[in-house]
Amino acid sequence: MNLHTLLAATDLTAPSHFTAQRAAMLAQQIGARLEFVHVLDKRELAELQRLLGDTLKERIQSQSLELLKKLANDVGEPLSISAGCHLVEGKILESITKQVDAFDANLLIIGARGIDSILQQFLGTTAERLLRMIQCPVLTVKLYPRKPYQSVLVPIDFSSWSLGAIHLAQSVAPQAKLTLLHAYEPPFEAQMHIAGEKKEEIQNYRDKVFQEAKTSLYQTAEDARITTNWHPIVIHGNAVQRILEQEKERGADLIILGKHGLGMVEELLLGSNARQVLIHAQCDVLIANR
């Protein structure tokens, strides 16, 4: 996957440095163009203008652009990265969506820290509609980026998005150790317990599902042309629980999830497994929209 343009959305609060730093590191690592965007709420600006006049509104616009340029310079200059800076007015999510389209961005980078973090906006009631409009992957930055990603966890369920998620991992973190995780819960296993099936029969059923999943996982790795620096995990249990457990056990600094798969409904981030992982994971989370 060729990531030629990265768009980092920042709210200009102190924690936004996390997002900007990771964006600059990725841009340098993969040789991508980097653009920063900050959105001023148009309704709030209009109210400010009504109450206090044009002068204060213009000063806020000027100061915001100055802060945005300083942030881009602070993270870009040490890495020899020159980023574009864009101040726009409107509703936050709709404006970001338009900027993704305007720059034909391959990756949208947002922050997860700060009281008014953009992540909280994406978890709001309009998230499902707008995120369906965003066709590029969305990276949520939670950790301070001291170095390129070292350990990437990719949960897969062998649906059509799985290969794309692996290829995205290879693009974003080409030098990282890759862990492919498949968490399985055999269909009707609970009903078998309720029906009084023998433990041996249930275990035999679970073993068969495990072997098929293991075969599929290795086939997926082969299809993705992974030959070195990777680790397979096939494990019984709830997908969200197993993902969060393996995040800690593997020391993952990035989890890559698909909009679909793992039982995730299309309404990304609205009551889905993806939403739970995004909220509870300690490391960065990348949603592979395609």
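Worth a mention:
- Restraint check, K42/K70; K57/K147; K91/K142; K177/K214; K91/K248; K69/K147, Cα-Cα greater than 31 Å: K57/K147; K91/K248
- Cα shape, region 1-71, gyration tensor, a/c 1.5 rule: prolate
- Neighbour counts of C-beta atoms inside 10 Å place E35, E89 in the sequence E89, E35, starting with the fewest.
- Taking the fewest neighbouring Cβ atoms within 10 Å as the starting point, the ordered list for T55, T5 is T55, T5.
- Footprinting exposure proxy for S62, S171 (fewest neighbouring C-beta atoms within 10 Å first): S62, S171
No value in this document is a laboratory result; all are computed from the given coordinates. Fair warning: this is a prediction, and the values are worked out from it, not measured in the lab. Ideal geometry is used to build each Cβ from the backbone, glycine not excepted, and the neighbour counts take in all protein chains shown.
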